[in-house]
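Notes follow the structure.
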Amino acid sequence: MNSITLLVHRMVQKISHCLNISRKLCDQPFHSDEGVVRSGYELVEEPLKKMFVATCESVDYDRKQNLHFRDGFLESVRMDVERVLEVFHKDSVEFDFRVALDELRVRPSGILVREVLYGVLREVNCENKGRCAKLAFKFFVWCGQQEGYWHTANSYHLVMKIFAECEEFKAMWRLVDEMIERGFPATARTFNILICACGEAGFARKLVVKFIKSKSFNYRPFKHSYNAILHCLLALKQYKLIEWVYRQMLLEGLSSDVLTYNIVMFAKYRLGKLNQFHRLLDEMGRNGLSPDFHTYNILLHVLGKGDKPLAALNLLNRMRETGTEPTVLHFTTLIDGLSRAGNLDACKYFFDEMMKNGCVPDVVAYTVMITGYVVAGELEKAQEMFNEMIFRGQIPNVFTYNSMIRGLCMAGKFDEACSMLKEMETRGCSPNFVVYTTLVSSLRNAGKLAEAHQVIRQMMEKGKYVHLLSRFKGKGHKR
């Protein structure tokens, strides 16, 4: 079996004449980089400048009026959402839910329905599942009967999500059928909700078959519905199901494109089937398909995790030769893999190479480096990297702070860890439950129970993650 490096080298040589690199995913608007977005805006910016000078005062007045109207509308919706949720809490056997909603004189709108259903979804737990499902559906039906309001696909999806969380699978399927009957296409969002629920219920394969055969499945912009389903399954990490769908696709006589190969190769890698990964990579080259942005990213991920920095360097050079300039994402993927392999020297080398090549490291790139140093117990280097990112104008995110807090706790610097928790809040970065858990667990393990309880109390005072307090088990948790 040839090594992955030789396979990549041979494949690139075979297709070196094909300089039109396929970018089916990265060319989508939502994946455009900042430079592309700015260029697009420049096409309309100059003509608008002339108009702006003449209408500046009028536009400014209209803008203020619109902002005032918008703020007033949002405040009104917020109050209506609270009133509806209060009715939900009053529900009982004798309570007439529909009459109570009528008496509120609330006018349903897309934003109101969305916020109410999200409110229900947030409250679902193992004790109130049946009640939440019933109330959400009652509200959904009531809104659909109000004059001037029509449900959207998003409102259907939210109720489906509630049914899934509440394990009301039959009701969920009935809602899907109703949605399709009313002319709403089944989209990737529909598929994702259903596959998550059906995976637990054991119907995942049947669901995939149903979507493959469905004429209402909205699979644009993909080549065919198989690619759309493969893409959804990749997001859900359903790697074994990806294999099965791919086999069905081949049985149907459909050919693979670059997107298909990318998804299936990644699934094979995640399943540890490197021989099959290599065969697909070689087959892709024989079929005359050029590796795209994402193919290279997968290969760099594999080489990084395999601790093969020299092969990765050769691949980066090959990318440039074939017309694909490595981006921050490519370097970050490689560094992350090398970090997980424990090769921090190689991580630093490619981090420096990234900057030499004109790629400005973003918050993700810095966080990957910081996390690698923390895991290796090199807090001083992690701190240096943290300071550098701030100096260069990159704002740490919640993952960056979590890594730093973890590193400080590992080094026994608990006061500094607690100070960093306060610092992230002053910088406008809200701690998530993982950050609180990291700090509380570390404090408890060090016997600092009072300090751990103080962190929990701060969390409770902010009204955050109160529904997860039961996970804080031990002596430090006092109610």
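The values are calculated or read from the model by the stated rules, or taken from the named source; none is laboratory data. Bear in mind that the values here come from a model prediction, so they are computed numbers and not experimental data. Backbone-built Cβ (ideal geometry, glycine too); neighbour counts: all protein chains shown. These accessible areas exclude ligands, DNA and RNA; they are computed on the full protein's heavy atoms, side chains included. Shrake-Rupley method; radii C 1.70, N 1.55, O 1.52, S 1.80 Å.
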Gly463 vs (1) in contact with a His (Cβ under 9 Å, 6 or more places away or on another chain); (2) assigned to a loop (DSSP other than H, G, I, E, B): all pass except (1)
Among the residues of the stretch 313-334, is any within 30 Å of Leu194 (Cβ to Cβ) and free of Cβ contacts under 8 Å to residues at least 24 places away in the same chain?
-> no
Just wondering, is there one or more residues in the stretch 402-414 that are part of a helix (DSSP H, G or I), touching a residue at least 24 places away in the same chain (Cβ under 8 Å) and under 29 Å from Val124 (Cβ atoms)?
-> yes
Within the stretch 96-108, can you find the residues that are over 17 Å from Gly144 (Cβ atoms) and open to solvent by less than 60 Å² (accessible area, probe 1.4 Å)?
-> Ala100
Please verify whether the stretch 395-416 includes one or more residues that are loosely packed, with under 13 Cβ neighbours inside 10 Å and within 28 Å of Asp352 (Cα to Cα).
-> yes
Among the residues of the stretch 138-150, which ones are open to solvent by 50 Å² or more (accessible area, probe 1.4 Å) and more than 25 Å from Ser92 (Cβ to Cβ)?
-> Glu147, Gly148, Trp150
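Table: residues versus (1) among the hydrophobic types (A, V, I, L, M, F, W, C); (2) more than 17 Å from Pro291 (Cα to Cα); (3) open to solvent by 60 Å² or more (accessible area, probe 1.4 Å); (4) at pLDDT 90 or above.
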{"position": "His231", "(1), (2), (3), (4)": "no, yes, yes, no"}
{"position": "Ala235", "(1), (2), (3), (4)": "yes, yes, yes, no"}
{"position": "Tyr246", "(1), (2), (3), (4)": "no, yes, no, yes"}
{"position": "Gly253", "(1), (2), (3), (4)": "no, yes, yes, yes"}
{"position": "Ser256", "(1), (2), (3), (4)": "no, no, no, yes"}
{"position": "Thr260", "(1), (2), (3), (4)": "no, no, no, yes"}
{"position": "Ile263", "(1), (2), (3), (4)": "yes, no, no, yes"}
One residue from Phe386, Phe351 being farther than 12 Å from Ser403 by Cβ and modelled with pLDDT of 95 or more | Phe351
Among Ala171, Ala164, Ala153, the single one that is closer than 30 Å to Cys126 by Cα, small (Gly, Ala, Ser) and crowded, with 20+ Cβ neighbours inside 10 Å is Ala164
Would you check which residues across the stretch 338-362 are aliphatic (A, V, I, L, M) and open to solvent by 30 Å² or more (accessible area, probe 1.4 Å) and list them?
-> Ala341, Met355, Val360
Within the stretch 181-194, the residues that are closer than 10 Å to Ser216 by Cβ and buried (at least 17 other Cβ atoms within 10 Å of the Cβ) are Phe184, Ala186, Thr187, Thr190
